[in-house]
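Here's the structure we're looking at; comments come further down.
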Ligand SMILES: Cc1cc2nc3c(=O)[nH]c(=O)nc-3n(C[C@H](O)[C@H](O)[C@H](O)COP(=O)(O)O)c2cc1C
């Protein structure tokens, strides 16, 4: 396919075959001692380009601009396994906390754009990279989005107040509304009262920016891709001095009422998988995050009995 074109400079190629060895789709092979595109299934992962010691391969779909950052220096040197401090990495991961107290300070647009670029260093199923990013760059944009979410939950609460309807739906096997009523209704009612009364923002916690991560239709693993990019953004945000918080309420509202996407220019066929509130944090912790006990299960292997 044209968009997955690979250019190989046969004068530079020394026939080492490393590109063919790392190609996940068998697109490249050695023909008469030189690398050649012999298959049609490339998904432009760029492994061949990255492994070539001669710099002989160019994967046309890769946009170098996506690896250039404005707010920090991006080192293009590949780190071999084991060459990064695990201790430093885990400290970063455990130091990221969901921030529920942001200052009024706006986030620079360049930082938000860099966060998107960091997000897309994540893996994606068949390298489809079908993720989408919508930036809400100001407190005004976040507040406007919050109005749509608040309106959705206002309507949901009104419906959930109808006891007979809830019970009827539960009886016919649709217990979702009843579960919402018992799990969230009261909390949401309180939050809406504070939002409309004092303007207290218990949804976005006063964040001054947000990024919505979605997927275009047709991706093989849309939610997984979007959420992997999301985790990259959360970690990078912390390293850049920003606080972040996933806003599941906003995702839930958009899943139930995709019309919320329209004013933001998000096509209805795009699914939104994560909403990240971002801003400068107004909270300080004394130590890293602890977690509940988890016990992994082992499977040591056995002969299958079919
Ligand atoms: C899918 C998902 C949705 C979440 N939604 C919200 C939310 O709507 N509001 C909020 O304040 N925190 C939300 N959180 C944050 C979690 O409460 C938080 O991750 C958890 O308490 C662990 O704390 P930590 O992130 O500081 O480690 C969400 C987290 C995840 C993973």
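Annotation: for a label point projected 7 angstrom from Cα along Cα→Cβ of residue 155, residues of segment 265-293 with backbone N closer than 16 Å are 268.
The average projected area of segment 99-211, computed from the convex hull of its Cα atoms over all directions, is 9.9 nm². Across segment 2-62, the convex hull enclosing all Cα atoms gives 68 Å³ per residue.
Assuming R0 = 41 Å, what is the FRET efficiency of residue 231 and residue 262, from their Cβ-Cβ distance, to the nearest 0.05? That gives a FRET efficiency of 0.90.
By its C-alpha gyration tensor, with a ≥ b ≥ c as the square roots of the eigenvalues, how is segment 9-164 shaped: rounded for a/c under 1.5, else prolate for a/b larger than b/c, else oblate? Prolate shape, in that a/c is at least 1.5 and a/b is the bigger ratio. If you take the beta carbon distance between residue 147 and residue 182 as r and set R0 to 22 Å, what does 1/(1 + (r/R0)^6) give as a FRET efficiency, to the nearest 0.05? It comes to 0.25. The fewest-to-most ranking of 13, 45 by surrounding Cβ atoms within 10 Å reads 13, 45. Using Cα atoms only, what is the angle between the long axis of helix 222-239 and the major principal axis of the chain, expressed in degrees (0 to 90) to the nearest 10? Computed tilt is about 90 degrees. Rg over Rh for the chain works out to 1.05, using Cα positions for both radii and the Kirkwood form for Rh. Taking a point 7 Å out from the Cα of residue 94 in the direction of its Cβ, the residues of segment 217-236 whose backbone N falls within less than 19 Å of it are 235-236. Available extension along the chain between residue 286 and residue 11 is 93.1 nm, counting 0.36 nm per residue and deducting the alpha carbon span. For the pair residue 108 and residue 65 in one chain, pulling the backbone fully straight at 0.36 nm per residue adds 13.6 nm over the alpha carbon distance.
Gain on full extension, evaluated as 0.36 nm per residue between residue 224 and residue 30 minus their Cα-Cα distance, stands at 66.4 nm.
Highest mean packing comes first when the peptides 278-286, 122-130 are listed by Cβ atoms within 10 Å, giving 122-130, 278-286. Measuring max minus min along each principal axis, the C-alpha atoms of segment 247-306 give extents of 56, 47, 14 Å (largest first).
Bear in mind these aren't lab numbers, they're just calculated from the coordinates by the rules spelled out. All of these numbers come straight from a predicted model, not from anything done at the bench. All Cβ positions, even for glycine, are placed from backbone atoms using ideal geometry, and neighbour counts span all protein chains on display.
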